[in-house]
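Written out below as structure tokens is the structure these notes cover.
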Amino acid sequence: MKARVYVMPKAGVLDPQGKAIGNALEGLGFGGVRDVRAGKVIELDLLETDPARAKQAAEDMARKLLANTVIESFRVEII
Amino acid sequence: MQAAIIVFPGTNRERDMRLALKRASGRDPVMLFHREAALPKGLDLVVLPGGFSYGDYLRCGAMAAQSPIMRAVKDFAAAGGHVLGVCNGFQIMIEAGLLPGGLLRNATLRFLSMDCRLRVERPGTAFTGHWQQGDCFRAPMAHGDGNYFADDATLDRLEGEGLVAFRYVDEAGEATPAANRNGSARNIAGVLSPNLRVCGLMPHPEDLVDPLMGGIDGLPMFQSLAERLVAA
């Protein structure tokens with residue numbers, strides 16, 4: 001079973017990378033982008049076959065290592 | 001003072017740190033590799049030096065914080081041991097939960113390699129015993145992720161309890177936005193644990209400890225540690 005962990009800078013935490021990407025998009029002529037936030041996606045291939053337990057395990061991994069919850073939020077999706 | 005320096009794959013400032021500690025204390029620090037599960041007995045100080053441990057994978061310091069020796073370092077700190085972390089060492093401390101907050105990408109997105117000026121906000125600790133309140137000194141910095149972040153409640157607590165060790169300041173000693181090149185919250189460059197025995201900072205005092213390096217502005221930190229931790 002695969003889990004996908006989305007890690008994003010928390011709301012209210014400055015995201016300089018997102019800002020720079022936004023500026024670059026504007027420079028390329030893409031108007032209408034109000035804000036850009038850049039995070040990361042981590043895919044886990046798990047031995048667990050029960051979706052609920054797989055999600056729980058991935059969330060534990062995110063809390064302990066994959067995300068730094070002081071500055072980042074995360075969301076787990078089972079795929 | 002018997003110090004140990006922890007070396008992770010990708011650590012690259014351990015020799016500067018060794019030189020500074022030896023110069024101040026007269027004793028050569030022990031170098032310990034990240035795979036060690038225990039610290040030798042009789043240590044007065046553990047130092048996490050700068051570098052790019054584990055290639056900064058995932059987040060700066062995140063991988064090193066999970067390495068076997070960090071469990072021993074956490075136990076050492078919990079038992080009242082002194083721990084100093086500089087640059088990547090500070091990032092590792094934060095990831096290991098030894099100090100509060102987070103270190104974000106520099107606000108300008110640029111890697112900053114230049115001197116900065118630091119103001120001593122908390123004198124009288126083992127790390128700052130040779131300075132007076134408000135003393136300013138020059139320190140080199142070299143980092144891409146040194147933008148200190150914590151929520152307002154944490155920042156208020158740190159300031160209220162006198163746990164801000166150093167702030168970025170200008171030539172006049174003022175904590176201005178211009179002096180705060182990496183964008184740190186409230187110009188914070190270094191923080192302390194509540195028992196004042198764990199200190200982390202982004203700039204490198206160990207790189208100014210000999211006239212041949214261009215100055216001895218950082219030497220007081222190591223002299224203070226050598227003096228205090230001998231008496232202990």
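The values are calculated or read from the model by the stated rules, or taken from the named source; none is laboratory data. These numbers come from a predicted model, not from an experiment. Neighbour counts run over all protein chains shown; Cβ positions are idealised from the backbone, glycine included. Calculation scope for accessible area: heavy atoms of the full protein, side chains included, ligands and nucleic acids excluded. Shrake-Rupley method; radii C 1.70, N 1.55, O 1.52, S 1.80 Å.
The table that follows gives values for the structure above.
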read-out	value
Qualifying residue in segment B:115-133 (condition: farther than 23 Å from B:ALA24 by Cα and either modelled with pLDDT of 95 or more or in a strand (DSSP E or B) (or both))	no
Some residue of segment B:109-120 being touching a residue at least 40 places away in the same chain (Cβ under 8 Å) and within 15 Å of B:PRO49 (Cα to Cα)	no
Tally, over segment B:136-156, of residues that are open to solvent by 20 Å² or more (accessible area, probe 1.4 Å), outside any strand (DSSP E or B) and either within 13 Å of B:ASP115 (Cβ to Cβ) or within 14 Å of chain A (Cβ to nearest Cβ) (or both)	5
Selection count where residues are at positive phi and either aliphatic (A, V, I, L, M) or in contact with a Leu (Cβ under 9 Å, 6 or more places away or on another chain) (or both), scope segment B:24-71	2
Search result, residues across segment A:1-52 that are away from chain B (no Cβ under 14 Å) and among the hydrophobic types (A, V, I, L, M, F, W, C)	A:MET1, A:ALA3, A:LEU25, A:LEU28, A:PHE30, A:VAL33, A:LEU46, A:LEU47, A:ALA52
Complete set of residues in segment B:15-62 that are closer than 25 Å to B:GLY144 by Cα, touching a residue at least 24 places away in the same chain (Cβ under 8 Å) and in a loop (DSSP other than H, G, I, E, B)	B:HIS34, B:PRO49, B:GLY50, B:PHE52, B:ARG59, B:CYS60, B:GLY61, B:ALA62
Given (1) touching a residue at least 60 places away in the same chain (Cβ under 8 Å); (2) touching a Ser or Thr at 6+ places or on another chain (Cβ under 7 Å); (3) open to solvent by 20 Å² or more (accessible area, probe 1.4 Å); (4) of a type in the set (A, V, I, L, M, F, W, C), index of the condition B:LEU99 fails	(3)
Every pair of residues 6+ apart whose Cβ atoms lie under 8 Å, when the first sits in segment B:77-89 and is over 24 Å from B:ASP207 (Cβ atoms) while the second is part of a loop (DSSP other than H, G, I, E, B) and of a type outside the set (D, E, K, R)	B:ALA77/B:LEU98; B:ALA77/B:SER193; B:GLY80/B:ASN195; B:GLY81/B:LEU43
Residues located in segment B:69-105, provided they are part of a loop (DSSP other than H, G, I, E, B), under 20 Å from B:ALA165 (Cα atoms), within 14 Å of another protein chain (Cβ to nearest Cβ) and touching a strand residue (DSSP E or B) at 6+ places or on another chain (Cβ under 8 Å)	B:LEU98, B:LEU99, B:PRO100, B:GLY101
